[in-house]
Amino acid sequence: MLTGSVIVLASFIYVGLLFAIAYYGDKRADAGRSIIANPYIYALSLAVYCTSWTFYGSVGRAATSGIGFLPIYLGPTLTAMLWGYVLLKMVRISKANRITSIADFVASRYGKSQLLGGLVTVIAVIGIVPYISLQLKAVSNSFSIILKYPAIATPDNEAMIPLLADNTFYIALLLAIFTILFGTRHLDASERHEGLVAAIAFESVVKLFAFIAVGVYVTYVLYDGFADIFSSAIEYPQLVKLLDFGGTSVDYASWASLTFLSMLAILFLPRQFQIAVVENVDERHLKKAVWLFPLYLLAINIFVLPITFAGLMHFPAGNVDADTFVLNLPIAQQQSLLTLIVFIGGLSAATGMVIVETIALSTMVCNNLVMPVLLRLNVLHLHERADLSTLIVGIRRGAIIGVIMLGYAYFRLAGEAYALVSIGLISFAAVAQFAPAILGGMFWKGATRRGAICGLLTGFAVWTYTLLLPSFAKSGWLPIEFVEHGLFGMTLLKPLELFGLGGLDDITHCLFWSMFCNIGAFIAVSLVTTPSFAEQVQAALFVDAHSAPRPQRAESLRGDASVNELMTLVGRFLGQRRARVAFAAYAQKRGTRSARELKPDADLIHFAETLLAGAIGAGSARVVVASIVQEEPLGIDKVMNILDETSQALAHSRELEQKSRELEIATEELRSANQRLQELDRLKDDFVSTVTHELRTPLTSIRAFSEILQDNPALELTQREKFLGIITRESERLTRLINQVLDLAKIESGNAEWRTADIDVREVIEDALSSTSQLFSDNGITLELRLPDALPRISADRDRLMQVMLNLLSNAAKYCHNNGGQVIVTGALTPDGLRVDVADNGAGISADDQHVIFEKFRQVGDTLTQKPHGTGLGLPICRQIVQHFGGRLWVESTPGRGATFSFVLPLGSRAGNETAAARKFGT
Amino acid sequence: MTRRILIVDDELNIVTSLDFLLKSEGHEVATAHNGGEALQQAATFRPHLVVLDVMLPVIDGFEVCRRLRADPSQRSLKILILTARGRAAERERGHAEGADVYMTKPFATRDLVARVRELLRCDEPGNA
């Protein structure tokens, strides 16, 4: 008979047996004769993947979705094909770097970042807690069912039971104690637990045996083999549906996403990492595990459908939870021994998972969360404590209890709302978030710490929002409104249909969005950030792990810390005895007789660092070792300087390139400035030489005639007067020329005096006309003035404006045909200001010459046989004057039909503003 | 001894003064006001001496000088350049183009007369 005491006794005997195996395993390991050093044990221990979720949950899932239970095992089978490359690389990297957990792995890859280690730990703990609670639920359910033997029972609602009356609470406590005894009996630098692995392998045998036992019983005792069960099942239409995709809740999308999810889970679940990577004794074992492990998965799944069908046919009323078929079928047949075996099998599946998972998590919590914080808090004076190993063991034990109790809490809060399989998938989706950072880090050197942090954070945030929080809400722990209507009532933010992506199951939906955000952020941020030197070194170590089995440890600290100091330091964390043993072994390997004779070189410091990394994580180990190396003259700063040399050289070279580019630009600027100066110089020379020439011409006449008059006193009077007249006119010309050159120079240099006042333009124009009227009438030219009645007063210099008018009028007279010539002066008010036109009907000016005439000393009419009288400075000066008042002066002409010189003066005086501009463009 | 002299200048007053000076010396004088006119006059008037300005409209004095020197029928022609341009480089250019004398403005009338006499005296034996 199965009484409570029998069950408890059997359980304790079973656990005792596990202890014995673990103890034996540890003893053998200490003696150097490992019992786990063979691929079969390794492959069996990997089967820690199959938890009570597999043991009870597969049948439960098959009962609702038929073959939909399979992806969880197909994924790992597919991944196993890649183990020879991916897992092997992880193992090599981890051994080379003494990596003790998945958090350590990520932290180490990205420059031994404590932040990343902590982040991964937090995600792992939050993600795995529901999974642990699932195991507690399974054990407590099976316990409550078997207690009622031989009655068929469905588990009670555990959440209603007070804490101290709750079996599950005691199961959790027992599991915690059990895990502490297994996992933290001593502190090992390598963080390997041979005895534990042996026990886990044994558990895998037990659960497989138990499941196959019930399977064989159902298939061959209750029925007459597979064919009999399936042919019986075919008579039930609702069972036939379970055999293919049609009619089940499993569509292709969720089939694919579950396969993908479990492909990642087998690599990144902390317990799988612990067993497959950390506890691996020989990487050659992987070769056999590649096919042994899938074989185990196949074996444990063969009887899932027969048990499911048998259960559904035996309990057609649907009042028995399919998750309990494995246990309830033997109970229904009153097979007490088989029932006990099944219970022990389920127990072994649950305990194996909880122990390994919790150990892995507690290592992470201790090394990546608590120790970094404690080492930073100087109040504890950790650096001065002689022996920290007790403290570390204490932290780990606390972490174990904490993690299991969190699992229990989740069980109380949310456990009842979900079937086993759904809870497990939530955890799978959480650890899948590690994939981009780890796989990316292993195969892409460009992956950076910031990229990994951003990817993990966004992925984890999406997972929390689309999976964890809805699970809380469905359990009634959070208001359900945000699930049904979206956060803040925004439909786009509905956690299960984010941004309107509907039609997917929760897991597929979460996987899509979390991976999309995670990978996106990881790659994008990695591309835009530059890795630090430490990151680059670690990236090379990880990515090139295959090609460089013995990597250069360029990053290791160099200094003169003494052997004693290092040994004491390691002893503080590992215990003095272990430290001495480790150093002695190292000395032996290096060919020296004792640790005292070791040279405290970079290799030894690296050795100490890796020893410590095993106990307190890579990030913390570096900080601790650096603390004693730093005190030496050849301190860490200097070392880091040396290491940074490359990057500094790069930076220098970049700076030089930049400088050189700047110099080239400056040179180019100087060259063009010089060219402009030369041009200006040439213009000035030209001007001076032209002015000189223009001055010499009248001077030549004056001198020649003066000498002629002097040498010929007997000249006729008329001739005498003619020559004197020439001298006078040429003197006047010379004076005018000198005045105009000086005038122009003054205007151009801005030194001219301007007597600006409000003036009446009409008056100025009329005065100019009257003072030139004689000139026009002498030459037989008619002069006409067309002015509107009212012209506004403008602000200008009256004399200067007069100068312009006189110049334009005398030019018109000069170039007009004598007798029959006509000049019309027009004034008008335009939008631009006051406009004055002086139009003649002379020969006109060709298009080319229209520009030339405003240049100095250029007169049109040079082609005539006789040079016109003028200085060639009149128009340039006029233009300068008009521009000074903010106006402009131009000419329009058709050759043969006269020319019109026009200027516009703005009504408001802008003389002050325009001076500078005029000066700038005047030359 | 009477010689034919061509005066080329675009400044009317300078032409007037040269005309007076050279006629006083007893020479026959013709005038031109630009390069084209100068070449034309040289062909018809057949001067013994050309007094040539440089800054001339259409064809400048240097060019007139070169063309006259390129004309085989003008082999005995004397050329006196009289210009406001006095830089060494321009002086050299004048000689290179074939000028016998290069004088700058303003000039001393006695100097000019002396140089003309000099040029025409050298000319005499060849012409005799």
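Values as computed for the structure displayed
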item: Residues of the stretch B:55-88 classified as under 20 Å from B:V113 (Cα atoms), modelled with pLDDT under 90 and of a type in the set (A, V, I, L, M, F, W, C), total; result: 1
item: Selection status of B:A38, surrounded by fewer than 17 Cβ atoms within 10 Å (Cβ to Cβ), closer than 24 Å to A:T690 by Cα and away from chain A (no Cβ under 11 Å); result: no
item: A:D799 being closer than 27 Å to A:L695 by Cβ and of a type in the set (D, E, K, R); result: yes
item: Some residue of the stretch A:570-588 being within 42 Å of the chain's Cα centre (by Cα), over 29 Å from A:T184 (Cα atoms) and not aliphatic (A, V, I, L, M); result: no
item: Residue count for the stretch B:41-55, restricted to those that are away from every other protein chain (no Cβ under 14 Å) and within 28 Å of A:R729 (Cβ to Cβ); result: 2
item: Among (1) within 12 Å of chain A (Cβ to nearest Cβ); (2) crowded, with 22+ Cβ neighbours inside 10 Å, the one test that B:M103 misses; result: (2)
item: Filter pass, A:I41 being among the β-branched types (V, I, T) and over 20 Å from A:D323 (Cβ atoms); result: yes
item: Condition broken by A:D685, with the remaining ones in (1) within 14 Å of another protein chain (Cβ to nearest Cβ); (2) modelled with pLDDT under 80 satisfied; result: (2)
item: Long-range neighbours under 6 Å by Cβ, at least six apart or interchain, first residue in contact (Cβ under 8 Å) with a residue 60 or more places away in the chain and within 11 Å of chain A (Cβ to nearest Cβ) within the stretch B:6-31, second surrounded by 20 or more Cβ atoms within 10 Å (Cβ to Cβ) and in a loop (DSSP other than H, G, I, E, B); result: B:D9/B:D53
item: Selection from the stretch A:696-706 of residues that are at the interface with chain B (Cβ under 8 Å from one of its Cβ atoms), farther than 15 Å from B:T104 by Cβ and touching a Phe, Trp or Tyr at 6+ places or on another chain (Cβ under 9 Å); result: A:F705
item: Contacts under 8 angstrom Cβ, first residue in the stretch B:65-89 being within 22 Å of A:A704 (Cβ to Cβ), partner surrounded by 13 or more Cβ atoms within 10 Å (Cβ to Cβ) and among the basic types (K, R), 6 or more apart; result: B:I79/B:R69; B:L80/B:R115; B:L82/B:K105; B:T83/B:K105; B:A84/A:R696; B:A84/B:K105
item: Per-region count, the stretch A:275-302, residues of a type outside the set (V, I, T) and closer than 16 Å to A:V205 by Cβ; result: 8
item: Candidate set: the stretch A:814-838, residues that are surrounded by 20 or more Cβ atoms within 10 Å (Cβ to Cβ) and in contact with a Ser or Thr (Cβ under 9 Å, 6 or more places away or on another chain); chosen: the one modelled with the lowest pLDDT; result: A:G821
item: Members of the stretch A:803-813 found to be under 15 Å from A:Q740 (Cα atoms) and surrounded by fewer than 24 Cβ atoms within 10 Å (Cβ to Cβ), listed by number; result: A:Q803, A:L806, A:N807
item: Matching entry among A:L361, A:L347, A:L340 (being part of a helix (DSSP H, G or I), modelled with pLDDT of 85 or more and under 42 Å from the mean Cα position of the chain (by Cα)); result: A:L361
item: Residue match in the stretch B:73-96 (condition: surrounded by 22 or more Cβ atoms within 10 Å (Cβ to Cβ), within 14 Å of chain A (Cβ to nearest Cβ), assigned to a helix (DSSP H, G or I) and in contact with a Leu (Cβ under 8 Å, 6 or more places away or on another chain)); result: no
item: Test: residue in the stretch A:289-305 that is small (G, A, S), part of a loop (DSSP other than H, G, I, E, B) and surrounded by fewer than 16 Cβ atoms within 10 Å (Cβ to Cβ); result: no
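Results for (1) farther than 20 Å from A:T697 by Cα; (2) away from every other protein chain (no Cβ under 14 Å); (3) in a helix (DSSP H, G or I), shown as yes or no for each residue.
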position: A:L709; (1), (2), (3): no, no, yes
position: A:L715; (1), (2), (3): yes, no, no
position: A:K722; (1), (2), (3): no, no, yes
position: A:T728; (1), (2), (3): no, no, yes
position: A:R733; (1), (2), (3): no, no, yes
position: A:V741; (1), (2), (3): no, yes, yes
position: A:A745; (1), (2), (3): yes, yes, yes
position: A:E753; (1), (2), (3): yes, yes, no
position: A:I759; (1), (2), (3): yes, yes, no
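Yes or no, residue by residue, for (1) of a type in the set (V, I, T); (2) assigned to a loop (DSSP other than H, G, I, E, B):
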| position | (1), (2) |
| --- | --- |
| A:R800 | no, no |
| A:V804 | yes, no |
| A:N811 | no, no |
| A:H817 | no, yes |
| A:T826 | yes, no |
| A:I845 | yes, yes |
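The values are calculated or read from the model by the stated rules, or taken from the named source; none is laboratory data. This is a predicted model, so every value here is computed, not measured. Don't worry about glycine lacking a Cβ; one is built from the backbone with ideal geometry, like all the others, and counts go over all protein chains shown.
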